[in-house]
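The values are calculated or read from the model by the stated rules, or taken from the named source; none is laboratory data. Since the model is a prediction, treat every value here as computed from it, not as a measurement. Every residue, glycine as well, gets a Cβ built from its backbone with ideal geometry; the counts of neighbours run over all protein chains shown.
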Amino acid sequence: MPVALLAFILGLIQALTEFLPVSSSGHLILARMWLDFQVVDGLTFDVALHLGTLIAIVIYFWKDIVALARGLVNSLMRRPDPMGRIAWYLIAACIPAAVVGYNYETAIETYFRHPLVIVVTLVLGALLFALAEHKFVHNAPMEKLTLGRAIAIGASQTIALIPGVSRSGITIVTGMMCGLRRDEAARFSFLLATPITFGACLKKSLDLLASDVPMAHDEKVALVVGILTSGICGWLVIRFLLNFLRRHSLEAFAWYRVILAAVVAAFLLF
């Protein structure tokens, strides 16, 4: 299979699964196993996928990001601005995942990067979706968040370092458990992803530069195709999910996770 097509497939998987609550890391691990994607260095392609994801978030939420930045400046200058409070909440919410990710991401990926782990976490995630939908009241806008609840949503990202959990899924569910509407929980989740994704992209880019290994032609092709695919498709997926969650529950995603877990389990057994 041509490297450009492989890069397109993995970029599409990244775009769909990074923002939909179904686990991007779990899908990419399975896809790389089944597609035997060995043509391109993993670090190079990780940079492409993270950069594409970051571009999609920044473009879609540009107005929110500008409003948050303005609110942050206003808060520092003692000017009243409700977005300033949300900006500080987002900063505080990023700290737990940043600390755990920086110190333990490699170890977690090493010990938990197995299809059986993905089976278990997919099912547990589906159960959490059902719990959030049926046992918690979730009807508040993002502006009603408290600092403690914002930090709880941010801390939940640490669990998503385990493949199969889904960063968007666990943060949306935690947001709903904190009282947010589905679409508002997703909005906060995506805004929360911006600094985390930027940090991951920067770290992997520095790692790639530090490797000091010349990039082959196939790697350059995969880098460009991966960025474009994950960026363009990611923007479309964000738009779809926010519209979907305004009218529908997480039930469809819960069933998808259960079905995928069953398929992977059957593959491992037979």
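Tell me, please, whether a residue that is in a helix (DSSP H, G or I), touching a Lys or Arg at 6+ places or on another chain (Cβ under 8 Å) and within 20 Å of residue 265 (Cβ to Cβ) can be found in the range 130-137.
no
Residues that are in contact with a Lys or Arg (Cβ under 8 Å, 6 or more places away or on another chain): list the helices (runs of 4 or more DSSP H) wholly contained in the range 162-270 that include at least 2 such residues.
Values: elements: 167-177, 182-211, 217-247, 251-269.
Where helices (runs of 4 or more DSSP H) fall fully within the range 162-270 and carry at least 2 residues being in contact with a Lys or Arg (Cβ under 8 Å, 6 or more places away or on another chain), they are 167-177, 182-211, 217-247.
Only one of (1) within 29 Å of residue 261 (Cβ to Cβ); (2) free of Cβ contacts under 8 Å to residues at least 24 places away in the same chain; (3) small (Gly, Ala, Ser); (4) surrounded by fewer than 22 Cβ atoms within 10 Å (Cβ to Cβ) is not met by residue 148, so which one is it?
Of (1) within 29 Å of residue 261 (Cβ to Cβ); (2) free of Cβ contacts under 8 Å to residues at least 24 places away in the same chain; (3) small (Gly, Ala, Ser); (4) surrounded by fewer than 22 Cβ atoms within 10 Å (Cβ to Cβ), only one is false for residue 148: (1).
Mind listing whichever residues of the range 3-26 are over 24 Å from residue 221 (Cβ atoms) and aromatic (Phe, Trp, Tyr)?
19
Does any residue of the range 188-196 turn out to be closer than 17 Å to residue 150 by Cβ, polar (S, T, N, Q) and surrounded by fewer than 21 Cβ atoms within 10 Å (Cβ to Cβ)? Step through it out loud before you land on a result.
Here is the first cut: in the range 188-196, the ones closer than 17 Å to residue 150 by Cβ are 188-196.
Going one step further and asking which of them are polar (S, T, N, Q), we end up with 189, 194.
Filter once more, so that each one left must be surrounded by fewer than 21 Cβ atoms within 10 Å (Cβ to Cβ): 194.
Yes, the conditions are met somewhere in the range 188-196.
Residues being at pLDDT below 70 and not in a helix (DSSP H, G or I): count how many of those fall in the range 1-47.
Number of matching residues: 7.
Based on what the data block shows, is residue 118 farther than 30 Å from residue 266 by Cα, assigned to a helix (DSSP H, G or I) and touching a residue at least 60 places away in the same chain (Cβ under 8 Å)?
no
On the basis of being surrounded by fewer than 18 Cβ atoms within 10 Å (Cβ to Cβ), more than 19 Å from the chain's Cα centre (by Cα) and either closer than 28 Å to residue 198 by Cβ or in contact (Cβ under 8 Å) with a residue 12 or more places away in the chain (or both), does residue 96 make the cut? Walk me through it before giving the result.
Working: surrounded by fewer than 18 Cβ atoms within 10 Å (Cβ to Cβ): yes; more than 19 Å from the chain's Cα centre (by Cα): no; either closer than 28 Å to residue 198 by Cβ or in contact (Cβ under 8 Å) with a residue 12 or more places away in the chain (or both): yes.
When the stated conditions are applied, residue 96 does not pass them.
For residue 59, indicate whether it is surrounded by fewer than 20 Cβ atoms within 10 Å (Cβ to Cβ) and either at pLDDT 75 or above or not in a helix (DSSP H, G or I) (or both). Break it down stepwise before answering.
Working: surrounded by fewer than 20 Cβ atoms within 10 Å (Cβ to Cβ): yes; either at pLDDT 75 or above or not in a helix (DSSP H, G or I) (or both): yes.
Yes, satisfied.
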